[in-house]
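Quick notes on the structure that follows.
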Amino acid sequence: MKIGEALGSARKEFRPGVARAYPKVLRRQAVKYFEREFSRGKKREQIAQELGVHPGTLDVWRQQSVPSTRVRFKPVVVKEHEREKLTVRAGSLVIEGLDVEQLCELLRAMG
């Protein structure tokens, strides 16, 4: 069975006015057929007519057959890293809320 006939058979299975969902296998075969015939010099519209589909439908199938090279970014949330706060006790003296850098400065200053 030719690809055009297979697409025609698949088309008959659907009700009028309802979007047609052709099987992926047939769509891939139609795209291969298009590429082969187009490289031989046939026009896009002629190939689509042979397959029994609208040229725009064939264009969509061709676009879907090419893996996307577009980089897709995932959304991220940037949070400021909260530094650990320390408490220093020296006898009756208590210093709270220092981070590690501030503690190091204090110890250097104390000698």
Exercise for review: Multiply the residue gap between Val100 and Arg40 by 0.36 nm, knock off their C-alpha separation, and tell me the result in nm, one decimal place.
Suggested key: 14.4 nm
Check your understanding: Loop-only check: which GluC sites (Glu not before Pro) in the stretch 53-102 are DSSP coil with at most 14 other Cβ within 10 angstrom?
Key -> Glu80, Glu82, Glu84
Point to revise | trypsin sites (Lys or Arg not before Pro) within the stretch 22-61: DSSP coil, no more than 10 neighbouring Cβ in 10 Å | key: Arg40
Exercise for review: Provide the FRET efficiency to the nearest 0.05 for the Glu82-Arg108 pair, computing r from the beta carbons and using R0 = 35 Å.
Suggested key: 0.90
Point to revise | Dipole of the stretch 23-111 [Lys/Arg +1, Asp/Glu -1 at C-beta], most positive-end residue of Ala109, Ser65, Ala30 | key: Ala30
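None of the figures in this text is laboratory data; all of them are computed from the coordinates on show. None of the values given here were measured: they were computed from a predicted structure. Cβ atoms come from the backbone with ideal geometry, glycine included; neighbour counts cover every protein chain shown.
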